[in-house]
Structure formats: C-alpha cells, structure tokens
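In what follows, a structure is listed as structure tokens, so that the remarks can point back to it.
Just so it is clear, none of the values below were taken in a lab; they were calculated from the coordinates. Note that the structure is predicted; figures quoted are calculated from it, not measured. Neighbour counts are summed over all protein chains in view; Cβ atoms, including those assigned to glycine, are modelled from backbone coordinates with ideal geometry.
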Amino acid sequence: MMATSNYLTYQNFENYGYQFQYVRNTLALNQGPRLGDNDTIGAPVFSDIAFMSGISQTDWSWDPLVTDFDNDSYRDLIITNGFPKDVSDHDFTSYRKDATGLMPKR
C-alpha cells in the first residue's frame, strides 16, 4: 500500500547516492545499557530484529499486541490495522465484482 514515487525521485536517489525507501515494520529488541567511559551507564542499545522474527513484511500495521493467545506459555504477537479485509487483495476484489454483477463471469 506504499504510494508510488515518480521517475524524477528515482533519478535523484540514484544521482545523489541516497538509499531507496521501502515501507516495512521494525521490531526493536533492547540489548541493555551501553557502557561508557569509567564504567558509566549510557543510553540503551536496540537491535532491529523484524526480519529474523518474520514481521517485517506485515502490511499497514497500527496496533501490535503481545500476549499468550493460545495458552501454550509462549507470547504471541497479533498485529491489527483496522481494515476488516485486505483492500489490496485482488481475489477479494474480483469476488465482490462478481457478486454484484458489475463484472462478467469467466
């Protein structure tokens, strides 16, 4: 559901050496505080583990909830977005058009 960018934007990213931008989720794991000089405690260190945990590609995420949904003693992650159906699912779109008669059946 990411908006498309125009070709000029693509060219500018290429010409100026910028990284291309992609929409994805992140999941930050707190690695604990950073130790500074003289063993002082500094700011915490976080690692992005979204790819390793398999949630980087979930679409349009609004509200993550972590709890044990199936009572197996492991915490589960559910990510909701407020949409009752996947609006980019073309199969569902075709079904709706077929059901309303706006599209001839194949």
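What the table below lists for this structure:
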read-out	value
Distance in nm between pseudo-label sites at residue 91 and residue 28 (7 Å out along the Cβ direction from Cα)	3.7
At R0 = 22 Å, FRET efficiency that the Cβ-Cβ distance of residue 51 and residue 77 yields, to 0.05	0.90
